[in-house]
Amino acid sequence: MKINISWLAKYSAPVRITGFLVCLAIVWLPVAAPIYLLVRDANLVTILTMGLLAIEFFIFLPYWSTKVHQQPRIYKHVGLEFSKKNGFELLRGLAIGLISIELLFLVQGILGWLEWRQANSGVLRFIIEAIPTAFGTGIAEELFFRGFLYDELERDYKPNIVMQAVAIIFPVSHFIKPIPEIIRTSPQFLGLLLLALICIWAKRSCNGRLGLAIGIHAGLIWGWYVINVGKLITYTGAVPVWVTGVNDNPLAGIIGLTFLVVLALRMRARL
């Protein structure tokens, strides 16, 4: 089924973005709904539905850009280019993300806020298992928020407005949940806001390429996944959870936010 979307070109960025999301929903919902109804495992439901949404997004974006903006090479245009320079920036970002998250846990260990458990033989499985999760999330979220969304807003608004809008939309999109849960996990909002700024400044410092931003994003997820899912640490309870992180999320606590502020200042200084 062909969807005529060329008429959206004459409208403002908020209308275009809404149109894009509606088009995705029209195709995604009929497939996702049966999964939500028939599959009992919540984790599997999330993997399947979000995986399908990501695939649909990757397929639909070139069609959208060609019909609405007459932009045939949209991936390169928004920063997802396949070049040696972007590849090196991705590896650099990956190192920054991994080192940052590991330093965060090491500092907490030195301060006596957590204890390290002896790694078992299964830790290698978690390291490998985390690769598709980290890179899949990093690429999909950076391509959408710092790629597509950033580009649509940049066509209509000044750079500072674009930065502020993209920075706010990122954490808000992750907080679509019940009010009590929003209140309980509120420190995570600041962490996501800082991560958004880090990735925006990483993109701008690389002339619009997304490699560095994807690498940082994926590195943080990779490091956290291995330690958390691999159960390599135990919190001692020496300090409140709002210091170490709500739900054991290091980016939802004072110590994690401090590390993110330092990383954000570093990215800002590259401009």
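Using only Cα atoms and rounding to the nearest 10 degrees, what angle (0 to 90) does helix 159-173 make with the longest principal axis of the chain?
Here the helix axis deviates by roughly 60 degrees.
Between Phe88 and Asn43, how high is the FRET efficiency from 1/(1 + (r/R0)^6) when r is the Cβ-Cβ distance and R₀ = 35 Å? Nearest 0.05. Intermediate results must be reported in sequence, preceding the final value.
Working: r = 34 Å, r/R0 = 0.98.
Once rounded, the FRET efficiency stands at 0.55.
Taking a virtual spin label 7 Å from the Cα of Gln118 along the C-beta vector, which residues in segment 192-236 bring their backbone nitrogen under 15 Å of it?
Under 15 Å, as judged by backbone N against the label point of Gln118, lie 232-233 of segment 192-236.
Taking θ as phi - 60°, what are the ³J(HN,Hα) couplings along segment 101-118 by the Karplus curve (6.51, -1.76, 1.60), each to the nearest whole Hz, with x for Gly and Pro?
Values, residue by residue: 5, 5, 4, 4, 6, 5, 4, 5, x, 4, 7, x, 8, 8, 10, 8, 9, 5 Hz.
Using per-residue counts of other Cβ atoms within 10 Å, averaged over each peptide, order 133-139, 226-232 from highest down.
Numbers: 133-139: 19.7, 226-232: 18.0.
Per-residue Cβ counts within 10 Å, averaged per peptide and sorted highest first, yield 133-139, 226-232.
Counting only pairs 8 or more places apart or on different chains, how many lysine pairs in the chain have C-alpha atoms closer than 27 Å?
Eligible lysine pairs with Cα atoms under 27 Å apart amount to 17.
Expressed as an acute angle from 0 to 90° and rounded to the nearest 10, what is the orientation of the C-alpha long axis of helix 187-205 relative to the principal long axis of the chain?
Helix 187-205 sits roughly 60 degrees off the main axis of the chain.
Between segment 1-70 and segment 199-271, how many Å separate their Cα centres?
Cα centroid to Cα centroid, the span is 29 Å.
How high is the FRET efficiency from Lys10 to Ala238, r the C-beta distance, R0 41 Å, rounded to 0.05? Intermediate results must be reported in sequence, preceding the final value.
Values: r = 59 Å, r/R0 = 1.45.
So the FRET efficiency works out to roughly 0.10.
Ordering Lys84, Lys177, Lys76, Lys203 from largest to smallest accessible area (1.4 angstrom probe), what's the sequence?
So, going from the largest accessible area down, we get Lys84, Lys76, Lys177, Lys203.
Expressed as a whole percent, how much of the Cα-Cα distance distribution for segment 174-250 exceeds 18 Å? Please list the in-between numbers first.
Values: 1612 of 2926 pairs.
Within segment 174-250, distances greater than 18 Å cover 55 percent of Cα pairs.
What ranking do 33-40, 259-266, 15-22, 156-163 get when scored by the average of other Cβ atoms within 10 Å per residue, highest first?
Values: 33-40: 10.5, 259-266: 17.0, 15-22: 15.2, 156-163: 13.5.
By packing density, highest mean first, the sequence is 259-266, 15-22, 156-163, 33-40.
Taking square-rooted eigenvalues a ≥ b ≥ c of the alpha carbon gyration tensor, is the chain rounded, prolate or oblate, where a/c under 1.5 means rounded and, failing that, a/b exceeding b/c means prolate?
Here the chain falls in the prolate category.
Using a basic spin-label model with each label point 7 Å from the Cα along Cα→Cβ, how many nm lie between Tyr75 and Ile182?
If labels sit at Tyr75 and Ile182, their model points lie 3.6 nm apart.
If R0 is 45 Å, what FRET efficiency do you get for Ile110 and Val172 from their C-beta distance, rounded to 0.05? Don't jump to the answer; show the numbers that get you there.
Values: r = 35 Å, r/R0 = 0.78.
So the FRET efficiency works out to roughly 0.80.
With n ≥ 4 as the cut-off for DSSP H runs, can you work out [θ] at 222 nm for the chain, using -39500 (n - 2.57) per run divided by the number of residues, rounded to the nearest 500?
Working: 12 runs with 189 residues, N = 271.
About -23000 deg cm²/dmol.
Along Cα→Cβ, 7 Å out, is where each label goes; now give me the distance between the ones at Thr258 and Tyr63 in nm to one decimal.
5.0 nm
The values are calculated or read from the model by the stated rules, or taken from the named source; none is laboratory data. Here the structure is a predicted model, which means the values were calculated and not measured. FYI the Cβ positions are ideal-geometry reconstructions off the backbone, even for glycines, and counts take in every protein chain you see. The protein model used for the area step is the full one, side chains on, heavy atoms only, and it has no ligands, DNA or RNA in it. Shrake-Rupley method; radii C 1.70, N 1.55, O 1.52, S 1.80 Å.
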